[in-house]
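Since the structure comes first, as structure tokens, the remarks are kept for the end.
The values are calculated or read from the model by the stated rules, or taken from the named source; none is laboratory data. No experiment lies behind these values; they were computed from the predicted model shown. Cβ placement follows ideal geometry from the backbone for every residue including glycine, while neighbour counts extend to all protein chains displayed. Each accessible area value is taken on the protein alone, full model and side chains, heavy atoms only, with ligands, DNA and RNA left out. Shrake-Rupley method; radii C 1.70, N 1.55, O 1.52, S 1.80 Å.
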Amino acid sequence: MKTYNPKNFIVLVVDDVTENLQVLINILKKDQYKINFANSGQQALKRVKSVKPDLILLDLMMPDMDGFEVCEYLKADENYRDIPIIFLTASHEENHLLKAFEIGAVDYITKPFKSQELLARVKTHLELKYAQDKLQNSQNYLKKALTELVIARDKALEAERVKSQMLANTSHEIRTLMNGVLGMTELLLNTYLNEEQNDFVTTLKHSGESLLNLINDILDFSKLESGALKLKKNAFNLPQIMTDLQSLFAPRATRKNLIFSFEISPDIPQTLMLIGDELRLRQILSNLISNAIKFTDQGEIVIRIKKVSSTEENNPESSLNLIFEIKDTGIGISAENQSQLFKSFSQISHNSEHYYEGTGLGLAICQQLVNLMEGEIGVKSKEGNGSIFWFTTNFEISDQIFNIASLKNLKNESMTLENNDQLAPLKILLAEDTLVNKKVIINQLKILGYEADWVENGQEAINQLAKDKYDLILMDCQMPMLNGYQATQKIRQQEKQFNQKHLIIIGLTASAMEGNRQKCFDAGMDDYLTKPASTEDLENLLKKWSKVITNSQINQEQELSLEALSTMRIKHIKNPVDMERLYKFTGGDLEFQHELLLCFITDTQVNVTEAKTAIENQDVMDLLFKVHKIKGASGHVGVNLIMDITRNIEQLALANNLEAIIPKLNKIEQILMEVETFVSTYFQSNISLTV
């Protein structure tokens with residue numbers, strides 16, 4: 001880029017009068033400009049092409065080709081249109097000057113020439129040209145840089161997509177192989193082995209499980225580091241999570257003679273439903289509890305959950321800020337080692353004879369997950385005096401209510417299952433394309449007292465269902481021809497089309513990638529099992545669903561009995577509520593059912609009205625929020641017709657087809673009236689029957 005020094009600029013002087021040329025050249029030489037000249041329009045055009053001047057002093061009136069024509073020609077050529085042109089004229093006619101500016105001149109100088117005026121105008125326009133060139137070069141540089149950034153971004157996104165896909169494929173392949181190794185190991189443990197052989201196989205199984213945990217940690221850490229892991233939002237109950245974790249970790253604590261308990265602050269209602277990523281919360285708590293048990297040889301493990309005291313402004317009524325504390329009486333951590341705790345692949349040293357295995361990734365993963373939840377994590381500890389690991393997080397409060405009866409009955413239900421040696425008879429179909437996995441699962445089922453038919457892809461599963469009836473399908477998600485997701489969707493379509501009984505479908509997936517759980521449910525599966533699965537995991541799953549299948553038959557008989565006892569007034573009333581689902585959800589408590597349905601009717605009427613308002617305001621996000629609330633509530637109380645309509649509304653909203661939604665909302669209001677009629681009649685009769 002030129003700096004402003006007259007020696008760096010070329011000025012072309014154009015005039016048909018030799019005396020004028022000489023005067024102009026002498027004036028410009030005083031400031032040491034580089035000068036070129038022409039005495040006609042045609043010659044001027046040739047000079048412009050050969051030297052490309054920085055500025056042109058152009059005589060207005062010349063024979064053959066005047067200054068206007070020269071200027072118009074140059075301004076029409078993109079190679080020269082940016083060269084500033086100053087007209088030289090003895091004319092003071094206004095129309096001449098106006099035309100000069102119209103065709104692109106930047107200025108004019110009148111004859112006879114005044115030396116200082118001419119030099120000042122030349123300098124002004126060259127400085128302006130210099131600034132414009134500098135700006136243009138900057139813009140060109142920025143455009144180039146932006147283009148390069150866009151290309152780099154696209155390459156990075158593509159690399160990230162390829163990386164994520166590679167992780168998914170690698171996860172699936174490794175876990176499929178590990179399924180075979182661990183499955184066969186578990187089957188081997190169920191055969192006759194001498195003490196030494198049993199020790200060898202147990203060690204092999206333990207090593208395989210440790211390897212699988214390592215694979216899961218590395219995959220999670222990789223997703224967190226790349227930003228590929230996104231939090232999900234779902235409604236969950238905190239006491240239910242803690243009860244589940246107690247069931248999971250209590251046996252491990254008991255083996256070490258440790259007391260294991262949890263305390264939830266009394267100001268956190270047990271029926272409260274929160275909205276957040278339940279799976280990741282469980283992952284954080286599981287990791288911290290597992291560490292606490294690992295590093296504690298005597299005493300207790302206590303988990304405390306409390307509200308974080310905060311002002312109303314930063315903690316509104318629609319959210320709940322919590323602090324979780326995991327306290328142990330273990331070996332403690334020195335101040336020096338505490339600084340290394342949350343670093344990736346770091347393993348602190350202990351002044352202990354014990355060796356504590358691990359990847360060094362667990363706490364780093366916890367920290368990143370807590371950060372994603374916009375919380376904090378830390379530790380209070382003193383070597384030899386135990387530790388308190390804590391983290392904070394904020395959750396939205398759902399308008400749903402958790403059925404506390406399921407918590408109260410959990411212990412009794414578990415005892416009943418444990419004491420029931422004979423599992424309910426089930427006819428099972430296994431869809432699995434990998435021969436090793438097929439052998440493992442068939443043998444696991446055999447150990448549990450089941451036999452299963454086998455097909456090797458989704459299409460064969462559909463064909464088999466046309467030939468025979470089954471209570472439950474174990475459906476591998478990744479299969480040739482027709483995968484598990486596609487096969488499940490087709491089965492659900494057939495059930496709806498031909499009014500068939502709902503078949504329990506359990507997804508089998510070897511993928512550890514985020515979203516596979518939801519993908520199973522979105523396809524219409526009832527549950528899923530991650531491979532490799534132990535015989536115990538499979539047994540628990542079959543116990544759970546065999547009970548549902550059995551209760552379904554019992555509830556059908558109960559409904560028939562209730563119909564026989566009910567008055568004639570409800571005999572001819574259409575039942576818009578899935579009473580089987582409501583019965584299971586409420587534990588058969590008629591008064592609670594009545595209260596829940598009345599609450600559902602009131603809330604849904606409000607949400608429908610607000611959804612219509614959102615349509616009027618063209619607010620798609622608010623509309624989806626209201627419809628989601630309607631869908632969740634109708635699913636809980638078993639008003640399936642409304643739940644089906646909300647799914648359709650969500651599709652229409654995402655397609656921005658808002659006009660088509662109004663009739664759907666009107667239909668929901670009509671169903672609500674049917675529910676209201678049913679509630680007033682059914683419960684008046686049946687509650688009186690129980691008195």
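Remarks
- Qualifying residue in the stretch 375-384 (condition: acidic (D, E), at pLDDT 55 or above and over 29 Å from N234 (Cβ atoms)): yes
- The set of residues from the stretch 425-469 being under 19 Å from M184 (Cα atoms), outside any loop (DSSP other than H, G, I, E, B), open to solvent by 70 Å² or more (accessible area, probe 1.4 Å) and not hydrophobic (A, V, I, L, M, F, W, C) comprises K439, K446.
- Subset of the stretch 431-445 (residues that are under 14 Å from M479 (Cα atoms) and basic (K, R)): K438
- Summed over the stretch 25-66, the residues that are touching a strand residue (DSSP E or B) at 6+ places or on another chain (Cβ under 6 Å), assigned to a helix (DSSP H, G or I) and open to solvent by 60 Å² or more (accessible area, probe 1.4 Å) give a count of 1.
- Taking the listed residues M513, M525, M579, the one that is open to solvent by less than 70 Å² (accessible area, probe 1.4 Å), at pLDDT below 80 and within 18 Å of L279 (Cβ to Cβ) is M513, with no other qualifying.
- Among (1) farther than 21 Å from K29 by Cβ; (2) touching a residue at least 12 places away in the same chain (Cβ under 8 Å), the one test that I56 misses: (1)
- The one condition in (1) surrounded by fewer than 21 Cβ atoms within 10 Å (Cβ to Cβ); (2) in contact with a strand residue (DSSP E or B) (Cβ under 9 Å, 6 or more places away or on another chain); (3) at pLDDT below 90; (4) under 19 Å from L245 (Cα atoms) that D277 fails to fulfil: (1)
- Where Q493 falls short, out of the listed (1) surrounded by 14 or more Cβ atoms within 10 Å (Cβ to Cβ); (2) at pLDDT 75 or above: (1)
- If you go through the stretch 427-455 and pick out every residue that is basic (K, R) and within 13 Å of S534 (Cα to Cα), you end up with 0.
- Options L229, L211, L182, L219: the member that is under 20 Å from T509 (Cα atoms), over 24 Å from the mean Cα position of the chain (by Cα), at pLDDT below 75 and not in a strand (DSSP E or B): L211
- Positions within the stretch 470-490 being crowded, with 19+ Cβ neighbours inside 10 Å and touching an Asp or Glu at 6+ places or on another chain (Cβ under 7 Å), in sequence order: D476, M479, G484
- Per the listing N36, N20, N5, the residue uniquely without any contact (Cβ under 8 Å) to a residue 24 or more places away in the chain and not β-branched (V, I, T) is N5.
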